[in-house]
1. Let me check against my output: what whole-number percent is the relative contact order of chain A, with C-alpha pairs under 8 Å and at least 6 apart?
2. Just to be sure I understand the curve: with the Debye formula and one point per C-alpha of the protein assembly as shown, what is log10 I(q)/I(0) at q = 0.08, 0.17 Å⁻¹?
3. If Rh is defined by the Kirkwood formula over all Cα pairs and Rg also comes from Cα, what ratio Rg/Rh do you get for chain B?
4. Quick one: give the max-minus-min coordinate of the C-alpha atoms of region A:4-91 along each principal axis, largest first, in Å.
5. Averaged over peptide B:135-146, how many Cβ atoms belonging to another chain are found within 10 Å of each residue's Cβ?
6. Could the peptides A:25-37, B:135-147, B:62-74, B:96-108 be put in order, highest first, of the mean number of other beta-carbon atoms found within 10 Å of their residues?
7. What per residue convex hull volume, in Å³, do the alpha-carbon atoms of region B:1-78 yield?
8. Would you kindly state how much longer the chain becomes between B:ALA63 and B:TRP22 on full extension, computed as 0.36 nm times their sequence separation minus their alpha carbon distance, in nm to one decimal?
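Values quoted throughout were computed directly from the atomic coordinates according to the rules given, and no laboratory measurement underlies them. Remember, it's a predicted structure, so these values are computed and weren't measured experimentally. Note that each Cβ is placed from the backbone with ideal geometry, even for glycine, and that neighbours are counted across all protein chains shown.
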Amino acid sequence: MVAESWYVALSAVLFSIGVVGVVVRRNPLVMFMSIELMLNAANLAFVAFGRRAGNADGQIAVFFVMAVAAAEVAVGLAIIVTVFRLRRRLSVDDLSLMRW
Amino acid sequence: MAHAAFLVIAALAVASALGLVWRRNAIHGALFLVVNLGSVAALYLTLGAEFLAAVQVIVYAGAIMVLFVFAIMVLIPGKEETGLDPRRGWRLLALPVGALLALQLLLVVRAGVGPVAPAAAVPGGVEAVARLLFTRYLLPFELTSVLLLAAMVGVLLLARRRV
């Protein structure tokens, strides 16, 4: 049986890759996918800690994170499509219309 | 055996995550993300969370990624990142900072999650999850449906043609 610390370490690595992806990429869709990557890393840590604690509460947390992620993806992609329709460009560098 | 399987799946997950960040083409990134989600589902299986593995494949790799691929198709990507990057130096600064973040997190894991013998047998499987979901977490579970409804209404509002 693989120790939980290995899973949490893998989760940390995946999370860091997601952070780098959000900062490095200019395409909002890829940034969004990097955010999904970070959510997944956190989910993995939840499940690992849940097994360590010996109950299924961690899995419940992951279930809720998945539901929130589904809602977030739907709304976020709708926002990206709407912004693209308005601006005809898809780079986060010239997206300042939601800033005041 | 279990260690070998974990190492193979973990290498697959890290490689596909790097591919998502590295490749310029967004559709390649989406396919890499599908691989990553699948390998995380396999890791859920090795952790004894069969229900979550199934949900991961159905909801994430199925529904959410289809949504992403549709958005990529609609938005005609591939043109947006080809121009000269005016902030290239700042962006490349993210690589050492990200490496530092990973190092810090790994040190925290090393310090905090020692090799302690696991507790009693894990109540994994669908039954334990369902029992918790419909007793202690019943109210959050119901609120989730309200959240999904709100998201649906919001998306309809956003995607409407401008009048």
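1. On the way: 75 pairs, mean separation 27.6, N = 100.
Computed over chain A, the figure is 28 percent.
2. Listed by q, the Debye log ratios stand at -0.35, -1.35.
3. Details: Rg = 20.4 Å, Rh = 19.8 Å.
Expressed as Rg/Rh, it is 1.03.
4. 51, 25, 8
5. Working: counts 0, 2, 5, 0, 0, 5, 4, 0, 2, 7, 1, 0.
For this peptide, the per-residue mean of nearby foreign Cβ atoms is 2.
6. Working: A:25-37: 23.1, B:135-147: 12.5, B:62-74: 16.5, B:96-108: 14.4.
Highest mean packing first, the order is A:25-37, B:62-74, B:96-108, B:135-147.
7. 61
8. Numbers: separation 41, 0.36 × 41 = 14.76 nm, distance 2.39 nm.
Gain on stretching B:ALA63 to B:TRP22: 12.4 nm.
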